[in-house]
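Structure record follows, encoded as structure tokens.
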Amino acid sequence: MGQGRQRSGVPLPEQWGDLPGTASRQARVTAGAAAGRADVPRGAASPRTIGVVAPFLSGAFWGPVLIGIHEAAQRRGHRTLVLRGTPSEVQAPSLGGEQVDGWIVIIEFDGLAELARAGVPFITLGARPADIVCPAVLPDNHGGVRSAVLHLIEHGHRRIAFVGNFAAYDVRERRDAYKDALVEAGIPVDPDLIIPCDNNMYSGGRAVAPELLARLPGCTAAVFGTDKNALGMMSALKAAGVRLPEDFAIIGFDDVAEAQSADPPLSTVRQRFEMMGSAACELILTMIAGETFPAEGVRTANALIQRSSCGCNVIQNFLDARDEAPEEDAADAVARRMVELLILPRPLPPDTPPTDVWPAVTRVVDMYFSVLRGAAPAPAAELERAYRQAVDITPDLGALLATARLLGQLPERRRAPLDAAARRRVDDFLELARLAIARARLAAETQNVHQLGVLARTNYEVSFALLGGTQQEYRSLSWLETTTVVWGCLALWDDPAARAELVIAGAYSRDGGPVPPDGSRCRLEAFPPETMLPPSATDGTYSVFLLPIRSAQRDWGILALVGPTIVAMTGDEGTVAIWGTLLGAALERDALVASLSAQHADLQKAYAIERALSETVRELGWALIPLLPGVLLVPLIGMIDGGRAQQVLEKVAEGVSRHEALRVLLDLTGVPFVDAQVAHSLGMTSRAAAMLGARVYLVGVRPDIARSLADVDLGALATFSSLSAALRELAPAGGRSLKGRRGAR
């Protein structure tokens, strides 16, 4: 099996190619060929199941990647089984292993070695493991950062910093590309301008802002490993009075949604995460089929998106460019330029009609030229419908409004000035167009607000069902009714330590289709039961998601869900993780309640036994034991209430008189509790014995009992911690007492 691009089963775009690596060419070829060997195929046309292992299922990166994988698999008639966690956490390749034909592991690789030993085809996405050679799908980090650095150099910058979290594989690649680009431009690399931060988020950028500020004004620009680092830094720089981009220019990497709405809008290297997912799907399917594939994987393309933070005004530059299209092609040329405004900085391919991107664009252009020729104004509702399509292409208000500016500039650009009447008609049309843009954007925001409201209500209902409902309610998964999940199954480990077999605890089917019965068992490798999955999962329409359910104390089991993308199922990023957390908390709560109930039952049983013993002792009375000459021991057992305390007083008085005792030991070792009333009665006992010529000692007094005696007048009553301590102290006194009595006789 060769490793070239000839006869490859993967439709390789131009941006795909062999990746540089540290292993020798022959080692990479051998490893790639081994990874490409599939098990015995189920049939040339049979659907495959692609297993995806990802620590997160939603977010600016994870969500689009998973969508790309699923949509590519669906186009080919295959299925996706998505496991949330690392390979180790989800026991890949065991969990669902009987269904999965090949694995895509995203970024987190703990446990990857065990998956590699299983001999199932697998690739990684987003990063390359340090100690395992396998194909990987990665963005063109080098090309993206190179274009960013060279663009800043074109703006005249020479002291350019790089800021990023170098613990991340892709950020390390971007840092190396930054160094290479500086060398290419003949600029020395200054290590002092390479600034590490702790994470890829906003907080990472904000935290190292003081370090960057210390390098100003000598340093005039920076490339960031991620957009969120850049956005965090931007807020800190502006707070310090730095003007962007006048004093400092910034370019990020990723093109997250917040980049467009930042102040100023963030220039960035745009990654196409869906493309990464699609490329990964195509690559793993090629490996499963045993066909030729790139030994080290593929790179996906990215593009430099120029906005204001680097000093560019891309929209104005685009509008200033001359349009030399002949008059007969004017409408088509205008439509093409309007679409290109929406997709800047990418050009519209020459062979792609503008209507493929924005179907209603030609209608907008036709309405404009009709008004120009004197026709009645266009219907406002039709313009608004057209611009709602444009809002779906880009939410960038500047780009949307630029389409109206483009139309307004056409007469002068074509050297055909308008008379006053035509100018009024055009101005009225452009005002309608701007109003349509505003309404379309408002409609999109209103829809977002509505979705957030639905999300809030759904999350409340789900949270209430999981934390406020009964065990039957949350285990039955009936709370999924408020979501778009079509099928679900909760399975708990039969033995949490072994994690080899699952017991079905509850199941849900929106359409009443088959579900595994409660109490049935399923091996780890066969979960979820393939024969029970709904048709929308078996035909690849929807993905199957497996979510480990854990709490602080225990790994409980797996929740399987079938539905559209995570965001479509939950209404928001991260919500499905909240479901898992709440479900784990509910299971933990019920286990704790059951444990407390069992302990309460044990305590009630022990109390009943102790009470029966106390009653028996009361009925039998107390033993009065002449322990030594002149020393009387009175062992007390069980609870002492006021009545029993009075009996103790009477017994002690009787014993002192009968045995002529000088010392009385009240042994409290078997007494669980002494309150103030009982302690007062013991004090009375001590004083009564003193009147008969004897002294009372308390034996076996614990600290808690001693505290209860602290504020009670005990007279001459003293204490010993144990009976042995009392004997060591009183035995000599007992002997002297005996001799004294004999002498007296």
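Yes/no per residue for (1) more than 17 Å from L587 (Cβ to Cβ); (2) at pLDDT below 90; (3) in contact with a Ser or Thr (Cβ under 7 Å, 6 or more places away or on another chain):
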| position | (1), (2), (3) |
| --- | --- |
| W487 | yes, no, yes |
| L490 | no, no, no |
| V503 | no, no, no |
| S509 | yes, no, no |
| R521 | yes, no, no |
| F527 | yes, no, no |
| E530 | yes, no, no |
| A537 | yes, no, no |
In segment 45-60, anything β-branched (V, I, T) and within 19 Å of the chain's Cα centre (by Cα) is listed as V52, V53
In the set L383, L400, L418, L410, the lone residue that is surrounded by 14 or more Cβ atoms within 10 Å (Cβ to Cβ) and modelled with pLDDT under 85 is L418
Selection from segment 279-304 of residues modelled with pLDDT of 90 or more, buried (at least 24 other Cβ atoms within 10 Å of the Cβ) and small (G, A, S) yields A279, A280, G297
When every residue in segment 246-269 that is charged (D, E, K, R) and crowded, with 21+ Cβ neighbours inside 10 Å is compared, the one farthest from I343 (Cα to Cα) is D254
The strands (runs of 3 or more DSSP E) lying wholly within segment 32-107 that contain at least 1 residues that are crowded, with 20+ Cβ neighbours inside 10 Å, in contact with an Asp or Glu (Cβ under 9 Å, 6 or more places away or on another chain) and modelled with pLDDT of 90 or more are 49-54, 79-84
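Strands (runs of 3 or more DSSP E) wholly in segment 454-571 with at least 1 residues that are among the charged types (D, E, K, R) and without any contact (Cβ under 8 Å) to a residue 60 or more places away in the chain - which ones?
Values: elements: 487-493, 501-509, 521-523, 543-550, 555-563.
Qualifying strands (runs of 3 or more DSSP E): 501-509, 521-523, 543-550.
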message = Residue under question is M639, and the condition is that it be assigned to a loop (DSSP other than H, G, I, E, B) and of a type in the set (A, V, I, L, M); does it hold?
response = yes
Of the candidates D180, D170, the one satisfying the condition of being assigned to a helix (DSSP H, G or I) and at pLDDT below 95 is D170
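Confirm whether P196 is assigned by TED's automatic domain parsing to the domain that holds V256 and over 13 Å from T226 (Cα atoms).
Values: assigned by TED's automatic domain parsing to the domain that holds V256: yes; over 13 Å from T226 (Cα atoms): no.
Here the answer is no, as P196 does not meet what is asked.
Which one is surrounded by the most Cβ atoms within 10 Å (Cβ to Cβ), of the residues in segment 148-182 that are under 13 Å from I251 (Cα atoms) and out of contact with any Leu (no Cβ under 8 Å at 6 or more places or on another chain)?
Applying the first criterion (under 13 Å from I251 (Cα atoms)) to segment 148-182 yields 148-153, 155, 157, 160-164, 174, 178.
Those left that are additionally out of contact with any Leu (no Cβ under 8 Å at 6 or more places or on another chain): 150, 152-153, 155, 157, 164, 174, 178.
Working: L150: 14, L152: 24, I153: 18, H155: 14, H157: 20, G164: 28, R174: 26, Y178: 25.
Checked segment 148-182; the qualifying residue surrounded by the most Cβ atoms within 10 Å (Cβ to Cβ) is G164.
Out of the residues in segment 204-245 meeting the condition of being among the charged types (D, E, K, R) and part of a loop (DSSP other than H, G, I, E, B), tell me which one is surrounded by the fewest Cβ atoms within 10 Å (Cβ to Cβ).
Our first condition is that a residue be among the charged types (D, E, K, R); within segment 204-245, this holds for 206, 211, 215, 227-228, 238, 243.
From the residues that got through so far, the ones that are part of a loop (DSSP other than H, G, I, E, B) too are 215, 243.
Details: R215: 16, R243: 10.
Step by step, filter segment 204-245, then rank; the result is R243.
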Reported set for segment 645-701 where residues are within 60 Å of the chain's Cα centre (by Cα), at negative phi and not in a strand (DSSP E or B) is V671, P672, F673, V674, D675, A676, Q677, V678, A679, V701
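The values are calculated or read from the model by the stated rules, or taken from the named source; none is laboratory data. Since the model is a prediction, treat every value here as computed from it, not as a measurement. Glycine gets a Cβ as well: all are built from the backbone with ideal geometry, and neighbour counts include every protein chain shown.
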